[in-house]
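What follows is one structure encoded as structure tokens, with my remarks underneath.
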Amino acid sequence: MPVTASHALSAPIAEYTATVRELRDRAEITDALYRFALGQDLRDRELFASSFTEDAELDFQPTADRWGGKAPLMVGRDFIVDTILSGFAGRVDTSHQVTNPRVVIDGDTAWLTAMVEAQHLRTYDHDVFALLKNRYEVELVRDGERWLMRRIRIVNIWFTGDPKAIF
């Protein structure tokens with residue numbers, strides 16, 4: 001069967017469509033972590049919660065262990081949101097910067113690693129602070145056109161200040 005112009009175009013169009021979908025997925029995957037970070041900083045419960053699956057798990061234990069603190073394994077979107085936002089409410093100002101995101105996608109599951117620098121300052125005494133550089137290891141799942149974080153493990157690389165005074 002001879003190749004027609006429409007046959008010749010279908011391969012590039014399919015390749016273009018696949019490329020656009022992958023780029024969109026990568027943007028949505030990193031956006032889940034951006035929603036997590038900005039939701040905390042703005043104390044925006046809805047934005048923060050929008051980053052998690054209902055059954056999400058957040059493991060801050062490796063980071064807390066590093067500086068002699070204790071943290072529960074947080075399970076469930078509502079528990080994570082309540083624990084983090086209520087723990088800082090009126091006590092701690094935060095700012096998070098997300099860098100170096102690396103993404104691997106396999107169907108409707110993805111894995112993201114990123115570096116997050118998290119500044120924590122006592123609301124009424126910014127001389128009391130903890131600046132943490134953490135590696136985030138995140139498993140995500142597709143939820144329609146967006147991606148949600150299902151498992152988050154936070155590993156501390158370094159810190160300065162006094163995390164015990166904040167957490």
Review point. Any idea which of Ala49, Ala64, Ala71 is open to solvent by less than 80 Å² (accessible area, probe 1.4 Å), modelled with pLDDT under 95, in contact with an Asp or Glu (Cβ under 9 Å, 6 or more places away or on another chain) and under 30 Å from Ala130 (Cβ atoms)?
Key: Ala71
Review point. Which number in (1) in a helix (DSSP H, G or I); (2) open to solvent by less than 80 Å² (accessible area, probe 1.4 Å); (3) under 18 Å from Arg135 (Cβ atoms) marks the one condition that Glu28 misses?
Key: (3)
Review point. Just wondering, is there one or more residues in the stretch 42-51 that are of a type outside the set (Gly, Ala, Ser) and in contact with a strand residue (DSSP E or B) (Cβ under 6 Å, 6 or more places away or on another chain)?
Key: no
Check your understanding: Got a number for residues in the stretch 34-61 being closer than 15 Å to Arg142 by Cα and within 13 Å of the chain's Cα centre (by Cα)?
Key -> 5
Point to revise | Residue list for the stretch 97-117, filter: open to solvent by less than 40 Å² (accessible area, probe 1.4 Å) and in contact (Cβ under 8 Å) with a residue 60 or more places away in the chain | key: Val98, Val103, Ala110, Leu112, Ala114, Val116
Review point. Quick one: what pairs do we get from the stretch 23-42, first residue at positive phi, second open to solvent by less than 80 Å² (accessible area, probe 1.4 Å) and modelled with pLDDT of 95 or more, C-beta under 9 Å, 6+ apart or different chains?
Key: none
**Study point:** Residue among Gly76, Gly107, Gly87 that is within 16 Å of Pro163 (Cα to Cα) and among the small types (Gly, Ala, Ser)
**Key:** Gly87
**Study point:** Pairs, first within 23 Å of Arg150 (Cβ to Cβ) in the stretch 70-94, second surrounded by fewer than 15 Cβ atoms within 10 Å (Cβ to Cβ) and not basic (Lys, Arg), C-beta under 8 Å, six or more apart
**Key:** Val75/Asp55; Gly76/Glu54; Gly76/Asp55; Arg77/Glu54; Arg77/Asp55; Thr83/Pro72
Point to revise | Output for the stretch 122-167, where each listed residue is polar (S, T, N, Q) and outside any strand (DSSP E or B) | key: Thr123
**Study point:** Per-region count, the stretch 76-96, residues open to solvent by 50 Å² or more (accessible area, probe 1.4 Å), closer than 15 Å to Phe48 by Cα and outside any helix (DSSP H, G or I)
**Key:** 1
Review point. Taking the stretch 129-167 as the search range and keeping residues that are at pLDDT below 95 and hydrophobic (A, V, I, L, M, F, W, C), which one is surrounded by the fewest Cβ atoms within 10 Å (Cβ to Cβ)?
Key: Ala165
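The values are calculated or read from the model by the stated rules, or taken from the named source; none is laboratory data. Owing to the predicted nature of the structure, the values given are computational and were not obtained by experimental measurement. Cβ sites come from the backbone with ideal geometry, for glycine too, and all protein chains shown count toward neighbours. Areas reflect the complete protein model, heavy atoms only, side chains present, ligands, DNA and RNA absent. Shrake-Rupley method; radii C 1.70, N 1.55, O 1.52, S 1.80 Å.
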